[in-house]
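Colleague: Structure in structure tokens, see below.
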Amino acid sequence: MTSDRQNLVHYDAVVVGAGFSGLYMLHRLRDAGYSVRVYEAAPDIGGTWYFNRYPGARCDIESIYYNYTFSEELLNEWTWSSKYAEQHEILRYIHFVADKLNLREDIQLNTKVTSARYDEKSQKWEIELENSSKIIAKYFITGVGALSASNIPNIKGIDSFQGDFYHTGEWPQKKVDFKNKRVGIIGTGSSGIQAIPVIAQEAGHLTVFQRTPQYSSPAHNKPLDSETIRKTKENFKKIRQEMYASMHGIPSAARTRSTVQDSPEERQRVYEEAWQEGGLFSLLYTYSDIPITPEANKTVAEFVRSKIKKIVHDPETAEKLMPEHYYGMKRPILNTNYFETYNRQNVSLVDLRSTPIKEITKTGVRTTEQEYELDILVFATGFDALTGPLLKLNIEGKDGITLKNKWANGVRTYLGISTAGFPNMFMITGPQSPSVLSNVIVSIEQHVDWIMDCLEYLNKHNADTIEANPEFEQMWSQQCQAIADMTLLSKTDSWYMGANIEGKRREFLAFAGGVGPYRQICDDVAAKSYEGFTILSDSQKVETDGNEKIMNRDANLDPQAKFVLEQLKVLGVPPMETLSPQEARSWTSNFSLLAGAPEKVEHVINRTIDGNIPVRIYIPDGDGPFPALVYYHGGGWVIGDLDIVDVPCRRIANQANCVVVSVDYRLAPEHKFPAAIEDAYTAVKWVATYADSIQVDSNRIAVGGDSAGGNLATVVSMMARDKGGPSIVQQVLLYPVTNHGFDTKSYVENADGYFLTRPTMIWFWNHYLRDEQDGINPYASPLLADDLSHLPPALVITAGFDPLRDEGEAYAERLKTAGVPVETTRYDSMIHGFCWMPGAIEQGKRAIDQVASTLKRTFETVRTETL
Ligand code: NA7
């Protein structure tokens, strides 16, 4: 700390807030030798856990995971008493940490920060406190929490109420006496659902004013047994790694099954097990498609509704408590005796959807139906989440732009940690970070550690300022929205969407890709010299974005595709060419999540044809005969199976109203060229010969495939032409392999980093071909064929970020020259394989729909011609 002539106090860093974030930030900064001051508005430390001391307040993350993980000493010296810790125990823990690390001396309590302004001349932050004093700091770091700006709705007459009035997020220190009182509570989110059963036990009468009924499952809270405590302490390093790599900051296994893979009875069993287990995300984790498809979500929603119906005795009250929104897309809620509380005589429920509040009067709450007289009114109405606490700080960045103005048309951050135009400002658990979707302490520690590494980097490079680049924050913000759009999160009114605050802009305010992938992304940014930031020293640019050339190119990469690549990195998928074919095949199962949920097709039949070729036949609803698509999966002739293309095959069958026969041809190196094409050709002949048995019209058969499967489809088209049939009406070639060569422009540009790499393609070919000579055989490299005339019309789809892009397009050109009708589409921002990733990449779905509509058109035309 220093003082200048005007007696302004200078610090290296000012931190706002003395909750979990501020305390750890202080510890790290001080340890690294920075001068730092923490300002806290409350009379004591604790943040959220200082203010949210309403009856029943407890954490919804298991206590064994809800503590700092940076210090083994802290971990060993603290023991939680129950599975879910109560507010006062968590506050005690916070005090224990502060004392242990001797943090209090650098924290100024009862001190509200009223504004913070960046002075471009001095490159310092001027922070103003409530008592009008001004502090100067190089770094301005907010640790204000995401849920600290209470929302008290603007209800008519609110100031006239003469009874006692409380908000759960600003609960008084003294015990509130509910005994024999007429109590009203507005709000049934996490806070309301925790408070209601406890208040009901004491109150004379409790009236619950409910706007939106909620899903909630029992916490099954219990004292922690010594065995759990011992095991947790012993294995903490491993547990910590699992927390860091997880989706929500608690150890969890990745979900791979989808709801349609289980019978309703089995699903019921799975849900019951999760219900009995009682964790915050237990039900959400049961099936991979619950957060993605309405149909899947409905199955779990219905399960919880059936539970509510069973618990609540009065059918009318139970009906009022039935939630209708998507399950788990608002923050899940754990409860202890919440629904049971409505069986008490002294509790009544007012459904504000049918009888909204008209006003608050001197003596109570008046709805459109009647007035409820109350002695105490509790607002459990939540918070202006994520942006609210930051905007309350009145932050002004460069060029006099306030944060409020900057975000008026949409929140823009880079990584949720910084925002362009506000140099040297860092947000711990800011909007567009995963914090509110996670065990927040995991997010806090990761942010603080990342910020510290960044400050050390700046120090080492004698840098004065660091600032996010607008184009990177644009990309980040789009990515946050895109991820939410892949799920039902952005289709649900919640505080994640800003939907709980009147007039607040609707946008998804968090990063929903998981804390593990997020950590990886942040680490990558740091490893690339803080890519996406501008770092300056004495007004000289000392560091630019990592590798600008690559980044500019990556800027054209679809955010969802980029996200998939990042997820794969996090999954630790090794380069294919370093694996044995068997190992490579077992990795393929990791990709199933990218496909999304399979849709229902009327009949799905697995069978073996011609003695030894397994196929999966999808027959749509309705009366046949149907046209057919014989489909070959990709995987470089070495990997891949029927499952990997199950989702797109189903979609094509439904959309194009055709039978799809997906073929499990023999794979290399066990079966080298030409085994795969023999099976592929056999399959199409079989479909033509036995068309009637699978409701197929033998005059309308198409072939198609992706990647190596696209290669097989072109070759089968040639074979059918050369060997007397069957007649094929369309070939669908999705980023097909067409040549045994590795030197096109797209091979060079996309050699590495976009899913399919050049070394992997070389590895595939080496396994597939018997010798070099096979490589120039047109049945392996159709691009080398002398004659491509009289082949079926082709749909050729390519991807911009794909080594195979140019050979696919070259083949399309050669077909055109040979007089074959060709429709070509390049999906510029896409990566190889995107068509079987429709669950993760919207454009994959679009491409599949394009395939279906082209097929439909062709099938219609052929039918008309035949007629
Ligand atoms: P929440 O989850 O935002 O819940 C607030 C509740 O208050 C919710 O039921 C709201 O209904 C209700 N509410 C808000 N405004 C009104 C008005 N004007 N009239 C009637 N009812 C209203 O806040 P919590 O404090 O319970 O939990 C916040 C987080 O803290 C939680 O997710 C955990 O992470 C910890 P709505 O659903 O908006 O219709």
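The values are calculated or read from the model by the stated rules, or taken from the named source; none is laboratory data. These numbers were taken from a predicted model, which means no experiment stands behind them. Cβ atoms come from the backbone with ideal geometry, glycine included; neighbour counts cover every protein chain shown. Keep in mind that these areas ignore ligands, DNA and RNA; they rest on the heavy atoms of the full protein, side chains included. Shrake-Rupley method; radii C 1.70, N 1.55, O 1.52, S 1.80 Å.
Colleague: Search the structure for amide H atoms under 5 Å from the amide H of Arg257, placed 1.01 Å from N in the peptide plane, and list their residues when 5 or more places away or on another chain.
Modeller: Ser288
Colleague: Oh, and also: Could you tell me how far the Cα centroid of the stretch 460-504 sits from the Cα centroid of the stretch 736-814, in Å?
Modeller: Here the two parts' Cα centres lie 39 Å apart.
Colleague: Each label point is 7 Å from the Cα along the Cα-to-Cβ direction; what then is the distance between the points at Asp314 and Lys404, in nm?
Modeller: Each label point is offset 7 Å from its Cα along the Cβ direction, giving 4.4 nm.
Colleague: Where does the chain land at 222 nm, in deg cm²/dmol rounded to the nearest 500, when only DSSP H runs of n ≥ 4 count, each adding -39500 (n - 2.57), divided by all residues?
Modeller: -10500 deg cm²/dmol
Colleague: Under a straight-distance cross-link criterion of Cα-Cα below 12 Å, which aspartates and glutamates are reachable from Lys181, leaving out those fewer than 8 residues away in the same chain?
Modeller: Lys181 reaches Asp164, Glu202, Glu373, Asp375.
Colleague: Oh, and also: Which FRET efficiency, nearest 0.05, do Asp524 and Asp621 yield, Cβ-Cβ r, R0 56 Å?
Modeller: 0.75
Colleague: Helix 646-655 versus the longest principal axis of the chain: what angle, 0 to 90°, nearest 10, using Cα atoms?
Modeller: 80 degrees
Colleague: I need the phi-derived Karplus couplings for the stretch 670-684: 6.51 cos²θ - 1.76 cosθ + 1.60, θ = phi - 60°, integer Hz, Gly and Pro marked x.
Modeller: 3J(HN,Hα) across the stretch 670-684, in whole Hz: 4, 10, 8, 3, x, 4, 4, 6, 4, 5, 4, 6, 4, 5, 5.
Colleague: Once the piece of chain linking Asp752 and Thr689 is laid out straight, how much longer is it, given 0.36 nm per residue of separation minus the C-alpha distance between them?
Modeller: Gain on stretching Asp752 to Thr689: 18.3 nm.
Colleague: Would you mind checking which residues have amide H under 5 Å from Ala499's amide H? H placed 1.01 Å from N; only 5 or more apart, or other chain.
Modeller: Close amide H contacts, sequence-distant or interchain: Ser494.
Colleague: Sort 409-422, 167-180, 225-238 by packing, meaning the average of other beta carbons within 10 Å per residue, with the highest value first.
Modeller: The peptides rank, most packed first, as 409-422, 167-180, 225-238.
Colleague: For the chain, build the charge dipole from Cβ charges (+1 Lys, Arg; -1 Asp, Glu) around the Cα centre, then report which of Thr336, Ile199, Val304 sits farthest towards its positive end.
Modeller: With unit charges placed on the Cβ atoms, the residue in question is Ile199.
Colleague: In addition: Counting other Cβ atoms within 10 Å of each Cβ, which trypsin sites (Lys or Arg not before Pro) in the stretch 356-409 have at most 15 and sit in a DSSP loop?
Modeller: Within the stretch 356-409, the qualifying trypsin sites (Lys or Arg not before Pro) (loop, at most 15 other Cβ atoms within 10 Å) are Lys362.
Colleague: While we're on this one: Hey, can you rank 19-27, 291-299 by average C-beta count inside 10 Å, highest first?
Modeller: Ranking, from highest mean packing down: 19-27, 291-299.
Colleague: Taking the Cα centre as origin and putting +1 on Lys and Arg beta-carbons and -1 on Asp and Glu beta-carbons, what dipole magnitude results for the chain, to the nearest 20 debye?
Modeller: 1720 debye
Colleague: Which one of Pro627, Leu642, Ala41 has its Cα pushed farthest toward the positive end of the charge dipole of the chain, where Lys and Arg give +1 and Asp and Glu give -1 at the Cβ?
Modeller: Farthest towards the positive end: Ala41.
Colleague: Of the DSSP beta bridges with both residues in the chain, give the percent that are antiparallel, rounding to the nearest 5.
Modeller: 40 percent
Colleague: Return the FRET efficiency for the residue pair Ile776, Trp587: r is the Cβ-Cβ distance, R0 is 35 Å, and the value is rounded to the nearest 0.05.
Modeller: Once the sixth-power term is evaluated, E becomes 0.65.
Colleague: Between 0 and 90 degrees, rounded to the nearest ten: what's the tilt of helix 20-31 against the longest Cα principal axis of the chain?
Modeller: Roughly 90 degrees, rounded to the nearest 10.
Colleague: Follow-up question, since we're still on this one. Note down the relative contact order for the chain as a percent, whole number, built from C-alpha pairs under 8 angstrom at least six residues apart.
Modeller: 10 percent
Colleague: Express in nm, to one decimal, how much length is gained between Ser226 and Gln201 on full extension, taking 0.36 nm for each residue of separation and deducting their alpha carbon distance.
Modeller: Taking Ser226 through Gln201 to full extension adds about 5.9 nm, to one decimal.
Colleague: Now, a different point. Just the ratio, please: alpha-carbon radius of gyration of the stretch 601-648 over 2.2 N^0.38 Å, N its number of residues.
Modeller: That works out to 1.27 for the stretch 601-648.
Colleague: Could you grab the Rg to Rh ratio for the stretch 229-300? Cα atoms only, Kirkwood for Rh.
Modeller: 1.06
Colleague: A follow-up question, please. Taking every pair of alpha-carbon atoms in the chain, what share in percent sits in each 10 Å bin, from 0 to the bin with the longest distance?
Modeller: Computed distribution, short to long bins: 2, 12, 19, 20, 18, 14, 9, 5, 1, 0.
Colleague: Could you give me the ³J(HN,Hα) list for the stretch 497-511, computed from phi with Karplus coefficients 6.51, -1.76, 1.60 and θ = phi - 60°, whole Hz, x at Gly and Pro?
Modeller: 9, x, 7, 7, 10, 4, x, 6, 5, 7, 7, 7, 9, 9, 9
Colleague: Continuing with this model, one more query. Where only protein heavy atoms count, and the probe is 1.4 Å, what is the accessible area per residue for the chain in Å²?
Modeller: On a per-residue basis, 40 Å².
Colleague: Output the direction-averaged projected area (hull surface divided by four) of the convex hull of the alpha-carbon atoms of the stretch 804-857, in nm².
Modeller: Its average projected convex-hull area is 4.1 nm².
Colleague: What number in nm² do you get for the stretch 749-864 if you take the convex hull of its Cα atoms and divide its surface by four?
Modeller: Seen from a random direction, the Cα hull of the stretch 749-864 projects 8.6 nm² on average.
Colleague: If you don't mind, another one. Below 22 Å, Cα to Cα, which lysines can Lys685 reach? Residues fewer than 8 away in the same chain don't count.
Modeller: The qualifying lysines are Lys672, Lys723, Lys856.
Colleague: Can you send over the solvent-accessible area of Asp164, 1.4 Å probe, protein chains only, in Å² to the nearest 10?
Modeller: Estimated to the nearest 10 Å², Asp164 gives 80 Å².
Colleague: Between 0 and 90 degrees, rounded to the nearest ten: what's the tilt of helix 559-571 against the longest Cα principal axis of the chain?
Modeller: The angle comes out at about 80 degrees.
Colleague: Here is a further query. Evaluate E = 1/(1 + (r/R0)^6) for Phe70 and Thr825, where r is the Cβ-Cβ distance and R0 equals 60 Å; express this FRET efficiency to the nearest 0.05.
Modeller: Using R0 = 60 Å, I get an efficiency of 0.75.
Colleague: Same structure, new question: Along each principal axis of its Cα atoms, how long is the stretch 158-281 end to end? Whole angstroms, biggest number first, please.
Modeller: Sorted from largest, the Cα extents of the stretch 158-281 read 54, 40, 25 Å.
Colleague: Using only alpha-carbon positions, what ratio does the radius of gyration of the stretch 143-182 give when scaled by 2.2 N^0.38 Å?
Modeller: Dividing the Cα radius of gyration by 2.2 N^0.38 Å gives 1.47.
Colleague: Carbon and sulfur atoms: what percent of the 1.4 Å accessible area of the stretch 808-867 do they account for?
Modeller: 50 percent
Colleague: Another question, if that's okay. Give me the orientation-averaged projected area of the Cα convex hull of the stretch 462-502, in nm², one decimal.
Modeller: With every direction weighted equally, the projected area is 4.7 nm².
Colleague: While we're here: Output needed for the stretch 382-493: three equivalent-ellipsoid semi-axes, defined as square roots of 5 times the C-alpha gyration tensor eigenvalues, in descending order, whole Å.
Modeller: Square roots of five times the eigenvalues give 24, 18, 14 Å.
Colleague: Further, regarding this structure: Can you pull the one-decimal nm distance between simple spin-label points at Ile762 and Leu784, each 7 Å off the Cα toward Cβ?
Modeller: Output for this residue pair reads 1.8 nm.
Colleague: Further question: With the full set of protein chains in place, find how many percent of the accessible area of the stretch 118-160 is carbon and sulfur; take the probe as 1.4 Å.
Modeller: 43 percent
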